[in-house]
Amino acid sequence: MPGASTSDMHIHITSLFGLVGFVVLWLGLVGGTRILLNALRSAPLIGWAIGPFGLSTLFLHEPSAGFVLLHALLPALVSGGVLYLGLFTSLPSPLALPHDFFAIVSALCSGIIVSSLGDWINALRDLRYPLWGEARVLRNLQYLHASWASIHFTPFGHSYLREHFGSNPTELLQAL
């Protein structure tokens, strides 16, 4: 670029501890947004799981198309907002980044992709190939079981598995 010096185009970590704290806060707020959206859902909860990809919930009914899009869009907006506030405003930032248009767009887009790509893939899958009832429960259980998540069932989930599959959670997870 004519007229721009190369010393203005570098990234500098001002505080390693601050950077780690910022990343934890950023991902925590995005995950908290997902949990809040799931808590606002009025479908019967079968169970929940904690795994390497965070907290997951198992609901009986297929969500509406509007909820699927909201579940993909709102965490992405929170992610972009936190990144912008933490990196490009007058607040103390753990990274010294150039404040030009390209740096801002690059940082925000890459951060949103990192934090929300899975949400968008799930939304496209749910809109293109919707599943409900037993098929949705089995698909989600198989995915969680394959990712080594710790799956916990609610009392409703225990009775649902007993009525619809004729087994308890341990037997069903062994069969997957």
* To do: Name every residue in the range 83-106 that is of a type outside the set (S, T, N, Q), assigned to a helix (DSSP H, G or I) and more than 15 Å from Leu27 (Cα to Cα), in order of residue number.
  => Phe88, Phe101, Phe102, Ala103, Ile104, Val105
* If you check every pair at least six apart or on different chains, which have Cβ atoms under 9 Å apart with a residue in the range 65-87 that is aromatic (Phe, Trp, Tyr) first and a residue that is assigned to a helix (DSSP H, G or I) second? -> Phe67/Leu37; Tyr84/Ile104; Tyr84/Ala107; Tyr84/Leu108
* Asked: When the range 26-42 is examined, which residues are found to be over 12 Å from the mean Cα position of the chain (by Cα) and surrounded by fewer than 14 Cβ atoms within 10 Å (Cβ to Cβ)?
  -> Ala39, Leu40, Ser42
* Mind checking which residues of the range 94-115 are under 16 Å from the mean Cα position of the chain (by Cα), under 18 Å from Ile13 (Cβ atoms) and buried (at least 17 other Cβ atoms within 10 Å of the Cβ)? -> Gly111
* Tally of residues being more than 22 Å from Leu173 (Cα to Cα), small (Gly, Ala, Ser) and in contact (Cβ under 8 Å) with a residue 60 or more places away in the chain across the range 118-144 -> 1
* Answer yes or no: is there a residue in the range 43-65 that is closer than 30 Å to Pro130 by Cβ and in a helix (DSSP H, G or I). => yes
* Structure fact -> Scanning the range 146-160 residue by residue, the ones that are part of a helix (DSSP H, G or I) and in contact with a strand residue (DSSP E or B) (Cβ under 7 Å, 6 or more places away or on another chain) total 3
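Residue-by-condition table, conditions (1) over 23 Å from Thr57 (Cβ atoms); (2) exposed (fewer than 14 other Cβ atoms within 10 Å of the Cβ); (3) modelled with pLDDT under 85; (4) of a type in the set (D, E, K, R):
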position	(1), (2), (3), (4)
Val82	no, no, no, no
Ile121	no, yes, no, no
Leu127	no, yes, no, no
Ala135	no, yes, yes, no
Glu163	no, yes, no, yes
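The values are calculated or read from the model by the stated rules, or taken from the named source; none is laboratory data. No experiment lies behind these values; they were computed from the predicted model shown. Glycine also receives a Cβ, built like all others from the backbone with ideal geometry; neighbour counts cover every protein chain displayed.
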